[in-house]
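Every number in this text was worked out from the coordinates using simple rules, so none of it is lab data. Note that the structure is predicted; figures quoted are calculated from it, not measured. Quick reminder, even Gly has a Cβ in these numbers, built from the backbone with ideal geometry, and neighbours come from all protein chains shown.
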Amino acid sequence: MSRPGSRRGSRRLSQPTSGGVPMFYFELDTSDCPEAHDNETIAREPSPSTDIMQASGPPARFPSLSVPQAPRPMITEYAPGRKGNARSEFSDLALSKFKCKENGVSVAVTNGSTTPLVENPIEDEEAGTYDPFKHRHLEHPTTDLDTLIHLLKGSLGTGILSMPLAFKNAGLFFGLIATFTIGFICTYCVHVLVKCAHELCRRTRVPSLDFADVAETAFSCGPPAVQKFSRLARAVINTFLVIDLLGCCCVYLVFVATNLQQVINHYTGSEMSVQMYMLAMIAVLIPLNLIRNLKYLSPFSMVANLLIGTGMAITFYYVLTDVPAVTERPYFSSWPQLPLFFGTAIFALEGIGVVMPLENNMKTPTHFIGCPGVLNTGMSIVVSLYALVGFFGYLKYGELTAGSITLNLPQDPLAQSVKVMIALAIFLTYALQFYVPMEIIRKGFIDVHLRKYPVASEYVLRVALVLLTVGIAIAIPHLGPFISLVGAVCLSTLGLMFPAVIEIVTFWDTPGGLGAFNWKVYKNVAIVAFGLLGFVTGTYVSIQEFVEEFSKHS
């Protein structure tokens, strides 16, 4: 036997905890067990159970492990974020490849992997399954109505104001059909992601997972060939989320500056450029985004919702007044313009970044998906509103349709007030949009590499990121191509491709998990191809639009 505390020939069995409580590893000293170093299978016996003393608190019941010679348990603290930890908390939970079988649970252990020692409630052992919803302990769970409202708020943003431009690039009736089609595909991909999350929660016996956790756990529990990419999957998801949300912040700045320029320059006779308005906003943006507590941002969200609701009502009044006949607009635009429609539409419709946090905080998460379900109800409302705004907005203004429908409103005081209200609402929403990528960066970078001065480092990084978004918005002050680019690059990957890949990896080794004749594989390959086509063509055409816009203003 090796000395206590020695890592030679040891295996680490993790006991996960939640709520920020340190996790502990039970290290099994197997240095005198030659066969333990091979890629053997350690089978959990269905019964009996053995008492294992935890580092603190009362003893818990865990299934016994049949191993060559009884190992000695040694307890080592696991601190997420500590330098040198190669795996994340969820990777440690899932890396052991849970393979649930009808006659028990067989856990394949490979060198360097960990086998979670997770408490199995009696009722779960008798049923043979784990219900993650029974183990979610939420201080303030949301009702179905609360979740529906949050889903609408998270999905209804500046994208709805750009839908007339999307219809301009698609044609009146083709845009209508394509909007509902893309809305259906996006909603279906959200269903896929949530179902995979539920399945992985049951396998790893954890109550909830966010988007990046789902990706990492799916690869960790998936086929051996993809397990080594689990951390990469998590990093890619978080990277695209950060790029997407910071890109939306840049779009917000362009939107606010463009609307303010129209109003202020009209009444003052000034000729100040859009870029100067963006620079002027820095004085308010920086203090606003130094707020680190989401609770203090809630009042801004309430004010923003009231302003957007009032502004959209007035906008509909102008759009639905003196509407021309549908025969005056082309039913289909042209094939080269369709990538711009795709990018703009998916930017407007895709709200997958808010889905998992909403589902994880529900009082009755089983009501999120299903028929009708919170997700189906919310997305039906969202897609219908987007289709109506796009259809009637393009029908009203035709080829004069701007990047935002507010820019097409007349110069009378009521219409100008709409521009100010919506611009102020989007400006206040910037801080809420900025909060999510900042949290991802804080957990993945500051808590790992800058732990000595976490608060000061966070403040410096917040200021730097605000200045970065302003700089990008100044460099690319054209709203239409910018929206299309963000949608094509980020949201086609997050909303379409990643859920399809996650479903394949999750159910690859599950008997019958991919459907009869593996039809889910072909379905997901088609979704990935569709998303990849939109990614490539949307990015290419958006860059072309940028070049044309710059050539016009140069």
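For the reader, a short list of remarks on this structure follows.
- Potential lengthening of the chain between residue 137 and residue 529 amounts to 137.2 nm, from the contour at 0.36 nm per residue minus the alpha-carbon distance.
- Computing FRET efficiency as 1/(1 + (r/R0)^6) for residue 225 and residue 521, where r is the C-beta to C-beta distance and R0 is 22 Å, gives about 0.90.
- Sparse packing (at most 10 other Cβ atoms within 10 Å of the Cβ) combined with a DSSP loop state is found for the following trypsin sites (Lys or Arg not before Pro) in region 226-280: 228.
- Cα gyration tensor shape for region 344-410, rounded if a/c is under 1.5, else prolate or oblate: prolate
- Relative packing of peptides 140-150, 154-164 - highest average C-beta neighbours within 10 Å first: 154-164, 140-150
- All alpha carbon pair distances within region 484-524 were sorted into 5 Å bins beginning at 0; the resulting P(r) in whole percents reads 6, 23, 24, 16, 12, 9, 6, 3, 0.
- Cα-projected label distance for residue 328 with residue 549, points at 7 Å along beta-carbon direction, nm: 2.7 nm
- Amide H contacts under 5 Å for residue 362, placed H, 5+ residues apart: 142
- Over region 395-554, the alpha carbon radius of gyration divided by the compact-protein estimate 2.2 N^0.38 Å works out to 1.42.
- Order by protection proxy (mean Cβ within 10 Å, highest first), peptides 331-339, 390-398: 390-398, 331-339
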